[in-house]
Amino acid sequence: MNFGVLTSRSHAIAKAAGAVLILIALAAWALASPVGASPDEEFHLTSVWCGHGLRDGGCEVGTDPATRTVPSALLEAPCYAFNADVSGACQGTSFADSDVEMALTSRGNFTGDYPPVFYFFMSLFVGDDIPFSVVAMRLANALLFVGLIAATYLASPPGLRRPLLGGIAVTVVPLGMFILPSINPSSWALVSAATFLVSVLGYMTSENRVRRLVLGALAGISLLVGAGARADAAMYAVLAVVVALILAVRSGRHHLRRAIYPVILAIIAGLAYLSTGQSSALEETSAQAFSLSRLARVLIGVPDLWVGALGKWGLGWLDTIMPPVVWVAAFGVFVATLCVAMNGAGVRRALGLGVVALAAWMVPAYVQYLSGAPVGAYVQPRYILPLLTLLAVTAMVRLEGTAFRLTHTQRWVPVLALSAANAVALYVNLRRYVTGFDVDSLNLNAQVEWWWGGPVSPLALWIAGSLAFALGLVLLSSEMTSVAAAGEEPEPRGPDAGAEGDGAKAVDASSAATHPQEPRASLPNGDAGDPPHGGVR
């Protein structure tokens, strides 16, 4: 009996089951809040309804190019915003009325403030039933996230697969779980941040032509997703290309040729950024007199956005405050993982990490300083979350030698902490919209004021979503403790194969993963030569 085949098959089944469970967990979050719950959702709702241009009863002409006439229910959906004691029941029967009342609004992407791709795609799901349409959009975004992650994972070698899964896992609770299955463009920005760097690195380092083409295509799709949703996501893509060049480019024509496509993607991303209104949003405030004291206040205040992205700030309209156990667990896991992942970092990886960390600090500081407002009044944590994901992915990347790995303890502590944090966050989010925080009861099915209806109760949804996330995390993290070569599995090489040596590197890396030896002096900067057992990463 071929036990290797059985092991490989069971591994694939476990990963597929884990992906399905994460999709179920995201679906639970998609149903855990009413229409209008994500930040500025009335703006995004009208933009989606007008995503395909004018349509009778959905998006009609306004009084000028900056206005449209849309169903008034879209504008009234966030009736509970900023008052956590008000449940989703305040929407009443406005969505069920057969006679659609229209209203004039300037709240929408009518003048090109945002890229149009996200709204165009979401508009495919617009129908006569507003709640059904919004749920379909949320589930579509959850499916896009899982699908693009799965495709990137399957095309990548272990040295990139683990950063992909690990980088997402340590930054997705709770804000990512809320934003990903939503109709906020930040959903796609986070999807792009998680996949673009891995795809580009895979393209630049793979010697398998089919794999390289697939990863190149996935990099293009990931860029389209990010730059098609938010201008800042386009700039994060440029940053990811810079990091990829730092990590992967070596001297010689072979490596320089591989850099051409990523550089082209970076140029496209830069042009996409400049083509939207978001890129010039601060022009009116950029002429303020320089103030050293204000700059200092902004710089020391920026870390609040990092902690806020991992739960310290509220979800939704910033009115769903998370208990401290959520953000302490999430931020603690994030910092601990970075510390483990940075162990033995060479010059290239340290430089890449420094570039992303500097961006995570200086980008929000620059924007916040120009706005003239205190930290938190202009830049919000969801804008920074993609940078934290990019930082975690960069820290775990291994291109040669052995892939990033954890001890069993280092795996189970984050799994348990993040599972608990997700369960608490999902419960609090459900409580906020089902009854409002003015109802004091552990039972989510008690005193229900708002719900979708149907056979699944709020409590059942919470149990299903919490268990699905925990089990999915267990299955998807199972490979993180095993020793594996970072690069591709060696392919059979003909007698006239080139002597460039990349195939030999893969063989050497695979052998080193199975039979640890002293670091090879020829490997650059210490990253590839870290001993696989002499210190976990």
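The values are calculated or read from the model by the stated rules, or taken from the named source; none is laboratory data. Computed from a predicted structure; not experimentally measured. Heads up, the Cβs are rebuilt from the backbone with ideal geometry, glycines too, and the neighbour counts pull from every protein chain shown.
Computed values, structure above
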item	result
Any hit, segment 140-153, residues being under 15 Å from S206 (Cβ atoms) and assigned to a loop (DSSP other than H, G, I, E, B)	no
Tally, over segment 236-266, of residues that are in contact with a helix residue (DSSP H, G or I) (Cβ under 9 Å, 6 or more places away or on another chain), hydrophobic (A, V, I, L, M, F, W, C), more than 22 Å from M362 (Cα to Cα) and part of a helix (DSSP H, G or I)	3
Which numbered condition V428 fails, given (1) hydrophobic (A, V, I, L, M, F, W, C); (2) within 29 Å of G487 (Cβ to Cβ); (3) surrounded by fewer than 24 Cβ atoms within 10 Å (Cβ to Cβ)	(2)
Test result for Q380, farther than 30 Å from S478 by Cβ and crowded, with 16+ Cβ neighbours inside 10 Å	yes
Only one of F196, F178 that is in contact with a strand residue (DSSP E or B) (Cβ under 8 Å, 6 or more places away or on another chain) and either at pLDDT 95 or above or assigned to a helix (DSSP H, G or I) (or both)	F178
Filter pass, V214 being among the β-branched types (V, I, T), under 24 Å from C50 (Cβ atoms), touching a residue at least 24 places away in the same chain (Cβ under 8 Å) and assigned to a helix (DSSP H, G or I)	no
Total residues in segment 403-421, condition outside any helix (DSSP H, G or I) and more than 22 Å from V249 (Cβ to Cβ)	3
Total residues in segment 75-86, condition modelled with pLDDT under 95 and either polar (S, T, N, Q) or more than 23 Å from G314 (Cβ to Cβ) (or both)	0
Positions within segment 106-140 being polar (S, T, N, Q) and in contact (Cβ under 8 Å) with a residue 60 or more places away in the chain, in sequence order	N109, T111, S123
Matching residues, segment 313-330, being surrounded by fewer than 21 Cβ atoms within 10 Å (Cβ to Cβ), touching a residue at least 24 places away in the same chain (Cβ under 8 Å) and part of a helix (DSSP H, G or I)	V325
Any chance G252 is at positive phi, out of contact with any Lys or Arg (no Cβ under 8 Å at 6 or more places or on another chain) and at pLDDT below 85	yes
Subset of segment 236-254 [surrounded by 15 or more Cβ atoms within 10 Å (Cβ to Cβ) and free of Cβ contacts under 8 Å to residues at least 60 places away in the same chain]	A237, V238, V241, A244, L245, V249
Breaking point among (1) surrounded by 19 or more Cβ atoms within 10 Å (Cβ to Cβ); (2) modelled with pLDDT of 95 or more, for G159	(2)
Verdict on A504 being farther than 27 Å from L154 by Cβ and either small (G, A, S) or at pLDDT below 95 (or both)	no
Of all residues making up segment 355-390, the number that are touching a residue at least 60 places away in the same chain (Cβ under 8 Å) and not in a helix (DSSP H, G or I)	6
Flag if L201 is hydrophobic (A, V, I, L, M, F, W, C), closer than 16 Å to M480 by Cβ and in a helix (DSSP H, G or I)	no
Selection count, segment 444-488, where residues are assigned to a loop (DSSP other than H, G, I, E, B) and surrounded by fewer than 20 Cβ atoms within 10 Å (Cβ to Cβ)	14
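Residues are listed down the side, and each one gets a yes or a no for (1) farther than 30 Å from V439 by Cβ; (2) part of a loop (DSSP other than H, G, I, E, B); (3) among the hydroxyl-bearing types (S, T, Y):
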site	(1), (2), (3)
L45	no, no, no
F95	no, yes, no
F110	yes, yes, no
D113	yes, yes, no
